[in-house]
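Structure, as structure tokens:
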Amino acid sequence: FQSYRAGTLMIEDMVGELPNTDKIADISTLQFGNSGSSAYTMADLYDLSQTVDNALEVYDSVVVTTGTDTMEEIAYFLDLTVQSDKPVVITGSMRPWTVIGSDAQANLYNAIKLAGSGRTESFGTVLMLNDTIHLARGVTKTNDYRTDTFETPMLGAVGYIDDENIRIYRAPLRAMKAEGEGKPVFDLSKITKEDLAKVEIAISYQEAGGGAIRGFVADGAKGIVTSGTGAGGISREMSAARKEAIEKGVVFVTTTRTGSGSVYGGGESIISGDNLSPQQARVLLLLSLSFTDDFNTIKGWFATYGTPEV
């Protein structure tokens, strides 16, 4: 269950082992990569998003498989950048394909079933594991081993799959708008991989120092997400380092390390991250800074794409 090496099986072989797939979809496969999820760079995700959009020019939907460790970041990156309104479903497994009791086969089969159904058209990217469907925005891995690891704090899942039954109980704001209206502005065809901004995360804790922030700035970070205590608070030393960084043009987003709850407010070069996790707030800030240096524009994107309230 634990002593396995990621990226040893080919997607064509895994799909080929699934039974009766002809009853749910006409499937083609593409081997984009074969690594653990955390091994992929943001430049790799740029290529992945472009690959998904290119595929959706031909196919009705796309299933992306990846490891679960950074799946929530990969899913949110795709959610913010894929330009097609066609369904995109991301899935993986908590147990290796080759062990007794693996969840891998069921997850892949259900992801294909969900994608083929078309039920999540205009939803952006959704995550499907453990028979449960989550929106990419807000989902997070909550346990390092359990198969029911993915949850969406505060808001919950959007639906479930039980054998032939696909139940969708709520939809994102973008699905309620006219075609194309709700999708984010981050069209990767308008930038290059070299344009992707460097953004880091600094966590606060008892007597946290300012060295991490200063180090990130020295290393070229254009933006920093703070994972704060409670409602986003950071230590005195971190606050002093943040002030220095702001004077150098660095943009900050405030989030909480608690795992759930909304962060409000903001200030000069500081944006509230609402209830985005630090890791997903980083993805949105990274893309924002890749497309503009205008603080008010970035703040507006966090108020809309980052806080998609109805």
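Return the pairs, sorted by first residue and then second, in which the second residue is aliphatic (A, V, I, L, M) and open to solvent by less than 30 Å² (accessible area, probe 1.4 Å), the first residue lies in the range 262-281 and is more than 14 Å from Trp301 (Cα to Cα) and part of a helix (DSSP H, G or I), the beta carbons are less than 8 Å apart, and the residues are 6+ apart or on different chains.
Qualifying pairs under 8 Å: Pro278/Val225.
Within the range 112-124, identify whether any single residue is of a type in the set (Phe, Trp, Tyr) and over 21 Å from Thr307 (Cβ atoms), and answer yes or no.
no
Going through Arg282, Arg236, Arg214, Arg257 one at a time, which residue ends up being open to solvent by 30 Å² or more (accessible area, probe 1.4 Å), more than 24 Å from Leu45 (Cα to Cα), under 23 Å from the mean Cα position of the chain (by Cα) and among the basic types (Lys, Arg)?
Criteria check complete, one pass: Arg257.
For a quick check of your reading of the model, give me the residue pairs whose first member lies in the range 11-23 and is of a type in the set (S, T, N, Q), whose second is surrounded by 10 or more Cβ atoms within 10 Å (Cβ to Cβ) and not in a helix (DSSP H, G or I), with beta-carbon atoms closer than 7 Å and at least 6 apart or on different chains.
As it stands, the answer is Thr21/Ile27, since those pairs meet every condition given.
In the range 195-206, is there at least one residue being among the aromatic types (Phe, Trp, Tyr), farther than 19 Å from Gly138 by Cβ and part of a loop (DSSP other than H, G, I, E, B)?
yes
Restricting to the range 13-30, count the residues that are open to solvent by 30 Å² or more (accessible area, probe 1.4 Å) and either in contact with a Phe, Trp or Tyr (Cβ under 7 Å, 6 or more places away or on another chain) or over 16 Å from Thr91 (Cβ atoms) (or both).
Total satisfying the criteria: 9.
Can you tell me which residues in the range 36-51 are over 11 Å from Ile74 (Cβ atoms) and either of a type in the set (A, V, I, L, M) or without any contact (Cβ under 8 Å) to a residue 40 or more places away in the chain (or both)?
Of everything in the range 36-51, those that are over 11 Å from Ile74 (Cβ atoms) and either of a type in the set (A, V, I, L, M) or without any contact (Cβ under 8 Å) to a residue 40 or more places away in the chain (or both) turn out to be Gly36, Ala39, Thr41, Ala43, Thr51.
With respect to Thr125, is the statement that it is farther than 17 Å from Leu108 by Cβ and open to solvent by less than 80 Å² (accessible area, probe 1.4 Å) true?
no
Taking the range 292-308, which residues are aromatic (Phe, Trp, Tyr) and either under 18 Å from the mean Cα position of the chain (by Cα) or buried (at least 20 other Cβ atoms within 10 Å of the Cβ) (or both)?
If the condition is that a residue be aromatic (Phe, Trp, Tyr) and either under 18 Å from the mean Cα position of the chain (by Cα) or buried (at least 20 other Cβ atoms within 10 Å of the Cβ) (or both), then Trp301, Phe302, Tyr305 are the ones that fit.
The values are calculated or read from the model by the stated rules, or taken from the named source; none is laboratory data. Here the structure is a predicted model, which means the values were calculated and not measured. Glycine also receives a Cβ, built like all others from the backbone with ideal geometry; neighbour counts cover every protein chain displayed. What goes into the accessible areas is simple: the full protein's heavy atoms, side chains included, and nothing from ligands, DNA or RNA. Shrake-Rupley method; radii C 1.70, N 1.55, O 1.52, S 1.80 Å.
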